[in-house]
Structure formats: structure tokens, C-alpha cells
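Quick note: the coordinates plus some simple rules give every number you see, no bench work behind them. Computed from a predicted model, the values in this text were never measured in an experiment. Quick reminder, even Gly has a Cβ in these numbers, built from the backbone with ideal geometry, and neighbours come from all protein chains shown.
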Amino acid sequence: MLDNKYFGIILTFATYEIGKFINNKLKTPIANPLLISIALCILFLKVTGIPYETYKQGGDFIVFFIAPATVAMVVDLFENFGELKKNLVPIFTGTILGSIISLLFAIVVSKFVGLDENLVVSSTPQSITTAIAISLSEEYGGNSAITAVLVVLRGVTGAVIAPIIMKIFRIKDPTAQGVAIGTSSHAVGTSEARKLGEIQGAMSGLSIAVAGLVTVILMPVAIKFIEILF
């Protein structure tokens with residue numbers, strides 16, 4: 001009965017709704033619905049002994065919609081096009097620099113902790129949206145499963161700490177907030193940016209696209225660095 005794609009879909013939606021309920025009750029970014037959903041799915045599969053492959057049939061169906069869901073964020077951008085025109089240079093400069101720093105940071109930290117080359121390649125595209133990150137990881141010989149986990153962790157971490165960082169450094173400009181969140185923590189962070197405001201959500205969605213493009217262009221250069229260092 002469970003050996004079909006509907007099981008994975010239903011389990012994912014059910015656990016995510018539980019995550020949303022908990023998040024609404026606690027009203028803290030730490031109780032991120034996605035993080036709660038992942039934890040509950042893992043717990044359920046472990047307790048019941050259901051193989052991951054069984055769940056994956058439905059999980060793959062959901063993953064298919066990641067790319068179109070990311071593109072749908074352009075709707076907010078279209079509605080805030082004036083803000084984009086007014087801040088075009090700082091938006092693109094911030095996103096490009098943020099993407100470069102993210103790539104370098106991943107490589108340097110990997111070297112410091114002594115990861116092997118495969119893990120380094122898998123972790124390098126972690127700051128961009130899942131659909132692009134997995135494709136890049138597979139193209140350059142990384143482990144797509146590890147990449148997916150790191151992307152989710154990066155996104156959840158960004159969503160949790162973004163409001164705190166904004167308060168500590170007194171970042172009040174909505175465009176700056178959106179660019180910072182979208183560049184560093186992709187779609188998961190963007191869900192938090194949308195809670196901060198419409199402009200934040202729009203700029204965060206734009207930053208996802210720009211960061212993904214920059215990472216695709218710079219990935220071959222990053223691989224050369226990895227080959228030299230590792």
C-alpha cells in the first residue's frame with residue numbers, strides 16, 4: 001500500500017503542516033516548518049522501518065516542483081520593479097560578491113577541517129537553490145545527496161538567524177535585507193524574507209536567480225582551486 005508516490009507526498013505535506021502549526025504556536029524562527037518536517041519524516045521512517053527508497057518515490061515528485069516554485073518568486077519582483085531599477089547596481093554588486101565569498105568560504109573551511117575532494121565539491125554550491133546546486137554537484141563529481149542536505153541546512157540556518165543578524169547590525173533597508181537573505185540562504189531564507197516585507201521577499205527572490213547564475217559561471221574556477229588545494 002505504501003509502495004507508491006502518494007505515500008511520500010502525503011507524509012511530506014502532513015509533517016510540513018505540523019511544522020507550520022508548531023511554528024505558529026511558538027512564533028520563533030528556530031521552529032522552522034521545513035526543519036521540523038525533515039525531522040519528523042526521518043523519525044517516522046526510522047520508527048516504522050519504511051525504506052527511504054519507498055518515500056523517495058513521492059519525494060522526487062515534490063523535488064520536481066522546486067525549479068518552477070523558485071521561478072514563481074519573480075511575481076513579487078515584477079510588482080516591485082521600481083525598487084529594482086532604483087537600486088540596480090548595489091543589488092547586483094552585493095549578490096555577486098556574496099556568491100563569490102560563499103564559494104571561497106566553503107573551500108577554505110573544507111580545507112581547514114580536512115574534507116576529501118568529493119565532499120568539498122559537494123559542499124561548494126550550498127548557498128544556491130537546490131535545483132541548481134544538485135545539478136552542479138553531480139556535474140563536477142560531487143554527491144548530490146550531501147549537497148541537498150547542506151543546501152537545506154544552509155537555508156534553515158539563514159532563515160533562523162537572519163532576523164537576529166538584521167537587529168544586531170541594524171540593517172533596516174528592506175532591499176539590503178532581501179539581498180542578504182536571498183544570496184546567503186536561497187528559497188528557505190526567502191520564505192523568512194517575505195515575512196519581513198514585500199520588498200524583502202522580492203529582492204531575495206531576485207538574489208536567488210543572480211546567485212545561481214554567478215555560481216554556475218564560477219564553479220569551474222572553484223573546481224580548479226579545489227584540485228590545486230586538495
Choice from 88, 196, 119 with maximal GNM fluctuation in the chain (Cα, 10 Å cutoff): 88
Theoretical FRET efficiency, 1/(1+(r/R0)^6), r = Cβ-Cβ of residue 10 and residue 195, R0 25 Å, to 0.05: 0.40
Long-range HN-HN contacts of residue 143 with modeled amide H, under 5 Å: 122
Residue order, fewest to most surrounding Cβ atoms within 10 angstrom, among 154, 170: 170, 154
Of the DSSP H helices in the chain, those whose Cα atoms cover at least 20 Å axially and whose Kyte score averages 1.0 or more: 33-48, 88-113, 144-168, 198-229
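Rounded to the nearest 20 debye, what is the charge dipole size of segment 43-186 about its Cα centre when +1 sits on each Lys and Arg Cβ and -1 on each Asp and Glu Cβ? If you can, show how the numbers build up before the last one.
Details: 9 positive and 10 negative charges, 115 e Å.
Computed about the Cα centre, the dipole is about 560 debye.
Would you calculate a helix-derived [θ] at 222 nm for the chain, using -39,500 (n - 2.57) for each DSSP H run of n ≥ 4 and dividing by the full residue count, to the nearest 500?
After summing the helix terms and dividing by residue count, I get -27500 deg cm²/dmol.
Can you tell me the relative contact order of the chain? Whole percent, Cα pairs under 8 Å, sequence separation 6 or more. Display every interim value, and only then the final one.
Numbers: 316 pairs, mean separation 48.6, N = 230.
The value is 21 percent.
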Amide hydrogen neighbours beyond the local backbone of residue 50, cut-off 5 Å, H modeled: none
Listed residues 132, 182, 120: farthest to the positive end of the dipole of segment 39-191 (Cβ charges): 182
Cα-Cα P(r), the chain, percent of pairs per 10 Å interval: 8, 30, 34, 22, 5, 0
